[in-house]
Amino acid sequence: MRRYDVVIVGGGHAGGQTAIALRQGGYAGSIALISAEPEAPYERPPLSKGYLAGEKTFERLLLRAESFWSEREIALWLGRVVVAVDPEARAVTLADGETLGYGRLIWAAGGEPRRLTCVGHDLRGVHAVRNRADVDRMIAELPAVDQVVVIGGGYIGLEAAAVLTKLGKRVVLLEALDRVLARVAGEALSRFYEAEHRAHGVDLRLGAKVERLEGAEGGVNGVRLADGAWIPGQMVVVGIGIEPAVGPLLAAGAEGGNGVAVDAWCRTSLPGVFAIGDCALHANRYANGAQIRLESVQNANDQAAVAATVIRAGEGAPYDAVPWFWSDQYDLKLQTVGLSIGHDRAVLRGDPASRSFSVIYLRERRVVALDCVNAVKDYVQGRKLVVDGARIAPEDLADAAVSLKEMSALSA
């Protein structure tokens, strides 16, 4: 059995960044990175944006040039899947039966797209957007596609709808709830994006419950809704969230459920085992102390840095980073800082009709998050308000003539 000082499971941003951070910090031990995908670690967010649109080549998505890994003596085990963890023997078992030993294990496996369970979910032409292979299959099929049905009005669904519209496809977007982005943003932002997508020709339907997918000769040709409506489409894109890929860890006795539970230093309940990124369930002060998972590049990077520091130095600062996210749709850049979970007031700053505005979220009179649309200055200056939990009168926050930086100074 081959042994490594550190074994990293997952070739996404979290796993790749951990290996990079270890070497950049001077760690000299042996490192192996195991990825289910055949490619070296690469960025995921551009898949539903620039890569799908044909504006970015795959090489531009790579975290580092392929030569980086061998030059830094980081062994890449690509196209391999971990199916079991033995915490007592400190070993992982791969799907082909091979076993690797570890001194420390970093679980950065992310998650798998949540699939539809209705009739027709497995028809050809039904896609998720999670990895390069998913998007490559979509790109290969698009020349024969006239209309696409997108299921899910979260970021992935909206971004895919924007790109597919830009590529000249007719798009129908179905959201089961009464507004898009319902789980992550306030109503003002939801209504703005609904109007934008409709203005760009997207047939956006709210409260739309999918009953089944229908097809012919093994390929999808439409979606039947619970109210009987029939929507034709030669491609269906499903964006309804992810399931954290933590089965082997939970089977080995790790605490968790919707993800694997970690402490402030990304340590699981298993000795020598860390978890980071999309699958790490952690207490977050920006969520009022709730246990949450964060699906973002920021979280992947920052938790990777925490775990790498603990492994290198035996200690380090706990994870306490302010969350941030972004989304590109049409010519709109949405930048979010903080978490609006549990907010009790939303303040509109600026005019959505100008297509440059912010929504500021308060909880118990403190600023907890901002959604900034084409408003970079608000995003940059609002970060301090979120970190400080600043108390500023809603009417002051709404006054776009006064910068958030000035308000921050006054609230100090």
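The values are calculated or read from the model by the stated rules, or taken from the named source; none is laboratory data. Computed from a predicted model, the values in this text were never measured in an experiment. We place every Cβ from the backbone using ideal geometry, glycine too, and count neighbours over all the protein chains shown. Heavy atoms of the whole protein, side chains included, go into the accessibility calculation; ligands, DNA and RNA do not. Shrake-Rupley method; radii C 1.70, N 1.55, O 1.52, S 1.80 Å.
Please report the orientation-averaged projected area of the stretch 363-402, defined via the convex hull of its C-alpha atoms, in nm². The Cα convex hull of the stretch 363-402, projected and averaged over all directions, gives 2.8 nm².
For the stretch 137-205, the Cα-based Rg and Dmax, in that order, read 12.0, 37 Å. For Cα extents along the principal axes in Å, the candidate list reads (1) 66, 60, 37; (2) 57, 53, 40; (3) 77, 62, 32; the entry that matches the value derived from this model is (1).
Checking the Cα-Cα distances for 56/169; 56/333; 49/209; 209/333 against a 24 Å cut-off, the pairs over it are 49/209; 209/333. Size descriptors for the stretch 309-412: radius of gyration and Dmax over Cα atoms are 15.1, 52 Å. For residue 321 and residue 195, what does the FRET efficiency come to when R0 = 30 Å and r is the distance between their Cβ atoms, rounded to the nearest 0.05? Here the calculated transfer efficiency is 0.35. By the rule of a C-alpha distance below 18 Å, with chain neighbours fewer than 8 residues away ignored, the aspartates and glutamates paired with residue 405 are 371, 378, 388, 395, 396.
The mean accessible area for residues of the stretch 22-135, using a 1.4 Å probe and ignoring ligands and nucleic acids, is 46 Å² per residue.
When the chain is treated as a GNM with alpha-carbon contacts under 10 Å, the residue of 398, 160, 300 showing the greatest mean-square fluctuation is 398. DSSP beta bridges fully contained in the stretch 1-119 are about 35 percent antiparallel.
Take every Cα pair under 8 Å whose residues are at least 6 apart in sequence, average their separation, divide by the length of the stretch 46-165, and the relative contact order is 26 percent. Computed log10 I(q)/I(0) for the stretch 323-382 at 0.15, 0.30 Å⁻¹: -0.39, -1.27, from the Debye equation with unit scatterers placed on every C-alpha and solvent omitted. Relative contact order of the stretch 239-357: 17 percent, from C-alpha pairs under 8 Å at least 6 residues apart in sequence. From the square roots a ≥ b ≥ c of the eigenvalues of the alpha-carbon gyration tensor of the stretch 182-259, which class results: rounded (a/c under 1.5), prolate (a/b over b/c), or oblate? Oblate shape, in that a/c is at least 1.5 and b/c is the bigger or equal ratio. Computed in the context of the full set of protein chains, the accessible area of the stretch 334-412 at 1.4 Å probe radius has 53% of its extent on carbon or sulfur. For the chain, set up a Gaussian network in which alpha carbons nearer than 10 Å are linked by springs, and say which option among 390, 140, 280 fluctuates the most. Highest fluctuation among the options: 140.
Compute the whole-percent fraction of alpha carbon pairs in the stretch 243-296 spaced more than 12 Å apart. The answer is 59 percent, as a whole percent. Considering every alpha-carbon pair of the stretch 1-49, the percent of pairs per 10 Å bin, from zero through the bin containing the longest distance, is 24, 49, 22, 5, 0.
Which distance in Å, rounded to a whole number, links the C-alpha centroids of the stretch 317-362 and the stretch 72-148? Cα centroid to Cα centroid, the span is 31 Å.
Over the chain, what is the percentage of antiparallel beta bridges among all DSSP beta bridges, to the nearest 5? Bridges in the chain are about 60 percent antiparallel.
Note on the stretch 1-122: Rg/Rh from Cα positions, Kirkwood definition for Rh, rounded to two decimals, is 1.02. Convex hull volume of the Cα atoms of the stretch 98-233, normalised per residue: 151 Å³.
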